[in-house]
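A short worksheet on the structure shown next.
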Amino acid sequence: MRAEHPEWRRGDLLVTADPTRLDLDAICDFIARSYWAPKRSRDVIARSLQQSIGFGVFRGARPVGFARVISDRATYAYVCDVFVDESQRGTGVGTFLMECVKDHPALQNLERWSLATRDAHALYRKFGFQELRHPERHMEIPRRP
């Protein structure tokens with residue numbers, strides 16, 4: 001495994017953090033089907049990948065999942081844009097993807113991880129995520145209408 005752009009295999013699944021192997025068309029299609037950013041433009045998605053660690057999941061040659069991590073690689077990581085193709089849900093793809101995210105060499109020994117989810121709490125709890133202990137300490141600038 002190359003430390004800068006590692007890859008992981010399990011059966012016929014491959015997870016890669018190599019940006020040259022990510023399928024931008026598939027990522028755009030995944031995000032267009034998401035509840036959080038269905039109108040995000042291809043340009044914005046491409047720019048977001050330039051400043052993040054992207055994780056592509058492939059079953060054979062077919063893209064079946066994706067996640068993106070925004071991190072300073074020293075203290076903090078935010079997991080976002082996690083998507084598993086509808087036909088692959090419930091088959092362990094999401095669990096394997098998150099194992100790989102947490103295993104990435106550049107994301108070790110961080111002080112804090114965070115994410116937001118509408119419906120995948122059970123998945124993320126497997127990796128130590130929990131509801132905010134002090135939500136009153138967190139603030140955001142909400143998305144523009």
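Selection among HIS134, HIS104, PRO19 by position relative to the dipole of the chain gives HIS134 as farthest towards the positive end (Cβ unit charges, Cα centre). Potential lengthening of the chain between HIS138 and ALA61 amounts to 23.7 nm, from the contour at 0.36 nm per residue minus the alpha-carbon distance. Per residue, the chain reaches -6500 deg cm²/dmol at 222 nm when only DSSP H runs of four or more residues are counted, each adding -39500 (n - 2.57).
Might you tell me the accessible area per residue for the chain, computed with a 1.4 Å probe and given in Å²?
Numbers: 9080 Å² over 145 residues.
Per-residue accessible area for the chain comes out at 63 Å².
Remark: the range 1-117 carries a charge dipole of roughly 140 debye about the Cα centre, counting +1 on each Lys and Arg Cβ and -1 on each Asp and Glu Cβ. Modelled spin-label separation between GLU4 and ARG73, with each label point placed 7 Å from Cα along the Cα-to-Cβ direction: 1.0 nm.
The mean of 1/r over all distinct Cα pairs in the range 32-95, once inverted, gives the Kirkwood hydrodynamic radius of 12.9 Å. Among the listed values (i) 14.9, 45; (ii) 16.1, 51; (iii) 17.5, 64, the one computed from these coordinates for Rg and Dmax of the Cα atoms in Å is (i).
Among beta bridges from DSSP that stay inside the chain, the antiparallel ones total about 85%.
The values are calculated or read from the model by the stated rules, or taken from the named source; none is laboratory data. All of these numbers come straight from a predicted model, not from anything done at the bench. Note that we place each Cβ from the backbone using ideal geometry, even for glycine, and neighbour counts take in every protein chain shown. Just the protein is used for accessible areas: all its heavy atoms, side chains included, with ligands, DNA and RNA removed. Shrake-Rupley method; radii C 1.70, N 1.55, O 1.52, S 1.80 Å.
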